[in-house]
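S.K.: This is the structure, below, for whatever I ask next.
The values are calculated or read from the model by the stated rules, or taken from the named source; none is laboratory data. Here the structure is a predicted model, which means the values were calculated and not measured. Using ideal geometry, Cβ is built from the backbone for each residue, glycine included, and neighbour counts are taken over all protein chains shown.
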Amino acid sequence: MTRRKSSKPSPLTSPPVPLTTEDSPLTPHLSPPLVAIIGRPNVGKSTLFNKILGVKTAIVDDVPGVTRDRNYADATYRQRTFRLVDTGGLDLSASDGMLALIRRQSEIAIAEADILIFLLDGRSGLTPSDHEVVRLLRGVTKPVFMAINKIDTPKSEPLIADFYQLGVDELYPVSAEHGIGVSELLDALYPLLRAADGTNELSQLPRIAVVGRPNVGKSTMINALLGEERVVVSDIPGTTRDPIDSLVTHAGKRYVFTDTAGIRRRGKIDRGIEGWSVLRSLRAIGRSDVAVLVLDGEEGVTEQDTKIAGAILKQGRACILWINKWDLRVGDAEARKNYELELHRRFPFLTWAPVLYGSALKSESARTVFAQIDDVYAMFTKRISTGTLNTWLQNILLVHPLPVRKGKPAKVTKSAFVTQVTTKPPAFALFVGHPENITPSYLRYLENQLRESYGFTGTPLRLLVRKK
Ligand code: GDP
Ligand code: GDP
């Protein structure tokens, strides 16, 4: 690679970034690479994050009961999907001072991300905090893209010269605020982003993520589930070199547990860091079919748990709630009833998830989760024929006809048609003459009827309304 020369097309005149956020319920099941923006505070990380995502409103999270979380989002650039993380938004305690904060955020990103964008501030030049990040990046084999921000006009382009002392071949001048140079940066990332296809044998197996906040017992659970038969594998071509998944055989069936190696080797990163657990969970959820959300049976449900549960729902994964450390509650007759009430209150959006109570310390207890995984995965991948669905729909319509606008005569029931469009999770398209008449409560009614008729334990369902 060469330095940018003035003979090249100027990065300061690039068109707006053509980008869409991944919010379609029909998005195929992907394992997008994680792209993290690192850098000291105030260089413009969150501005760049928002600019890359383009239409801000498209990533609004409308899951009830879940805190809005703008630190991460899935985005698609020229048909390739990636998950973008703003490390500045990681929920870390700043009690150790700014340098320690930057160090922690960067360490997390370096450990977890597949691709790093190291953002610097062209206006303030190199600072000691930047050098701290540079030090952390030494020896890192993951791709790092150094972008110099706040290069708002061609006049300020000479400001980047200072940064070549870092010894890099290529610097990417950008103006996050004005969206300048951002497509050049994404074009440079592009070859590292995976094309959205790629099936191999491993990708046919059920993929399981064990997720949760720190200290709930995830590692204990994983060790109990994996036992001795664990084989570490890596099926991600291109970006990730570390073997991070484990292949497990239980009762003659095979499963892939995602992101297990990292859970075992925690190394120098503090196990108590909340931001890290969310990031790790996000990544594991994104690469899985079924999320086993481990909750602490003794401590109850926290805000952090709700965040992770919200991510499972948002990403449309199947879910099992594992209430761990239940050994500490034996003899408490009310315990289960109280916990169930708490789950209903904290996770009103996840009532379809089966709940298991157990102890990860006892492997025979932990391993009961396998049977539940089988059930839930069967539902997550279930396909119902169009003929069956429409017989079902006609019966539903007899009892509960489609909503109609006031003053208009009710149409005959044959006016609607339903078909399943995808699995993982099951998604259904309802074709009607007047989509605008279909209310959210009618859709909820249909979803409940689908669940009542076909089970669908442990999987989210998507219902789309389309015009006939
Ligand atoms: P973060 O702490 O790294 O996430 O930084 P922010 O995104 O919050 O930005 C810090 C400040 O820099 C804000 O006042 C932004 O408006 C400003 N800023 C961000 N990008 C640019 C840019 O491209 N040009 C200029 N002039 N200011 C910017
Ligand atoms: P992680 O941070 O979620 O991976 O949690 P760990 O697996 O490291 O467990 C945190 C602590 O909880 C450890 O001291 C475990 O021994 C303990 N622990 C894990 N599972 C159970 C359980 O089912 N019962 C009890 N009593 N303690 C447990």
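S.K.: Go through the range 299-349 and report how many residues are closer than 22 Å to Arg207 by Cβ and polar (S, T, N, Q).
M.R.: The qualifying residues number 2.
S.K.: I've got another one for you. Restricting to the range 144-170, name every residue that is away from ligand 1 (no atom under 15 Å from the Cβ), within 17 Å of Lys45 (Cβ to Cβ) and among the aliphatic types (A, V, I, L, M).
M.R.: Of everything in the range 144-170, just one residue is away from ligand 1 (no atom under 15 Å from the Cβ), within 17 Å of Lys45 (Cβ to Cβ) and among the aliphatic types (A, V, I, L, M), namely Val144.
S.K.: Would you be able to tell me the number of residues in the range 273-292 that are in contact with a Phe, Trp or Tyr (Cβ under 7 Å, 6 or more places away or on another chain) and either at pLDDT 90 or above or surrounded by fewer than 23 Cβ atoms within 10 Å (Cβ to Cβ) (or both)?
M.R.: 3
S.K.: Next question, about the same structure. Among the residues of the range 281-300, count how many are more than 11 Å from ligand 2 (Cβ to nearest atom) and within 17 Å of the chain's Cα centre (by Cα).
M.R.: Adding up the residues that qualify gives 12.
S.K.: Okay, next question. Test of understanding: among Thr87, Thr153, which residue is among the β-branched types (Val, Ile, Thr) and more than 28 Å from the chain's Cα centre (by Cα)?
M.R.: Sole residue among the options that is among the β-branched types (Val, Ile, Thr) and more than 28 Å from the chain's Cα centre (by Cα): Thr153.
S.K.: Residue under question is Pro425, and the condition is that it be more than 19 Å from Thr391 (Cα to Cα) and buried (at least 19 other Cβ atoms within 10 Å of the Cβ); does it hold?
M.R.: Judged against the criteria, Pro425 is a match.
S.K.: For the subset of the range 303-344 comprising residues that are modelled with pLDDT under 90 and among the polar types (S, T, N, Q), which member is nearest to ligand 1 (Cβ to nearest atom)?
M.R.: Looking at the filtered set, the residue picked out is Gln304.
S.K.: I would also like to ask the following. Take Glu364 and decide whether it is at pLDDT below 95 and within 16 Å of ligand 2 (Cβ to nearest atom).
M.R.: It is true that Glu364 is at pLDDT below 95 and within 16 Å of ligand 2 (Cβ to nearest atom).
S.K.: Looking only at residues in the range 306-325 that are within 14 Å of ligand 2 (Cβ to nearest atom) and not in a helix (DSSP H, G or I), which one is nearest to the chain's Cα centre (by Cα)?
M.R.: Restricting to residues being within 14 Å of ligand 2 (Cβ to nearest atom) and not in a helix (DSSP H, G or I), the top hit is Trp322.
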